[in-house]
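Okay, here's the structure, questions in a sec.
The values are calculated or read from the model by the stated rules, or taken from the named source; none is laboratory data. Worth saying up front: this structure is predicted, and the values here are computed from it rather than measured. No Cβ is skipped: glycine too gets one built from the backbone with ideal geometry, and neighbour counts run over all protein chains shown.
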Amino acid sequence: MGFFADLVHVKADKERNMLRLSIRMSEESLFEYWLMPSDVKPFIDAQDFTEWRGSDNLKARIKNRGASVGIKTSEGMTYVKMSESHVWLLRAKLEASYFELDPDANPSQAVGMPSHVTLDIIARMQNEFQMNMLKTVSEMIDTKFSQLTTDLSSQLQNIQVVATSSVQQNTYQSPSDEPMFIPSDITTDLSGVANVDKEEKTEDVSDALAALRKLKKQGSKK
C-alpha cells in the first residue's frame, strides 16, 4: 500500500511549531522525524550538495548521480539513499513548509511527540496479532474436531450395541401351529406281551396264614 505519491512528504505543525518529515522506505514501511525550524534552515539555504550540506540533525550529499540524506535520531544518524532529484524535491518541500512556522518561537515539546516512527514496527505487530489469531482459531478447530470425533465414535459404538441386541431378540422360533414333519416310514403295527413284574412278598402271606391257624386251634380247645 502507498502512503503518499512522492518518496518524501513534509507537513508543518503550527501548534508545535515543528516540521514532520516522512520518507517512504517501502510499500509497507514509513520513516517519520520531527524537525525544528533551526534544523531545517541550513538545509534550505544550501545552494548545492556536492558536499554534506545542512545541519547536524539534517543534511544531504549528492555524489556520482546518487544522493544520501542523513537524519539524526535517538539511535544515531540514519542515512537514506535516494535520487538527486528527490534531494532537491525534499529541499523545496521543506522550504515551503518552513515559512508556515515562526522561526523565532520555541517549539512545543508535547508529551508523546515521536522523534522516530517506523510503520514496519506496526506492520510487524499486526502480523504477530494475525499469527496469534490464526493459532487460536487453529486450536479451536482442533479441539472441536477432536470432540466431534469422540462423539461420533461413541455413537457408532451405541449403534453396534443396539444392532447386536436386535439380532439376539429376533431369534427365529417355530410357530406352535406350524405342521410337524413326521416321517412316513415309521412302523405302526406293533404286537407283543407286556410283562409287568410284581414283587410278591410271600413271607408276609405265610406268616398271616400261620397266625390264623393258631387262633382257630385256640378256639376249639375252649
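Can you list the strands (runs of 3 or more DSSP E) lying wholly within segment 1-65 that have 3 or more residues being more than 42 Å from the chain's Cα centre (by Cα) and surrounded by fewer than 16 Cβ atoms within 10 Å (Cβ to Cβ)?
Result: empty, no element qualifies.
If you don't mind, another one. Which of the residues spanning segment 83-92 are in contact (Cβ under 8 Å) with a residue 60 or more places away in the chain and surrounded by fewer than 18 Cβ atoms within 10 Å (Cβ to Cβ)?
89
Against the definition (at pLDDT 90 or above and assigned to a helix (DSSP H, G or I)), how does residue 90 come out, yes or no?
Judged against the criteria, residue 90 is a match.
Here is a follow-up. How about segment 12-53: which of its residues are in contact with a strand residue (DSSP E or B) (Cβ under 9 Å, 6 or more places away or on another chain) and either farther than 17 Å from residue 93 by Cβ or not assigned by TED's automatic domain parsing to the domain that holds residue 84 (or both)?
Of everything in segment 12-53, those that are in contact with a strand residue (DSSP E or B) (Cβ under 9 Å, 6 or more places away or on another chain) and either farther than 17 Å from residue 93 by Cβ or not assigned by TED's automatic domain parsing to the domain that holds residue 84 (or both) turn out to be 16, 25, 29, 47, 48, 50, 51, 52.
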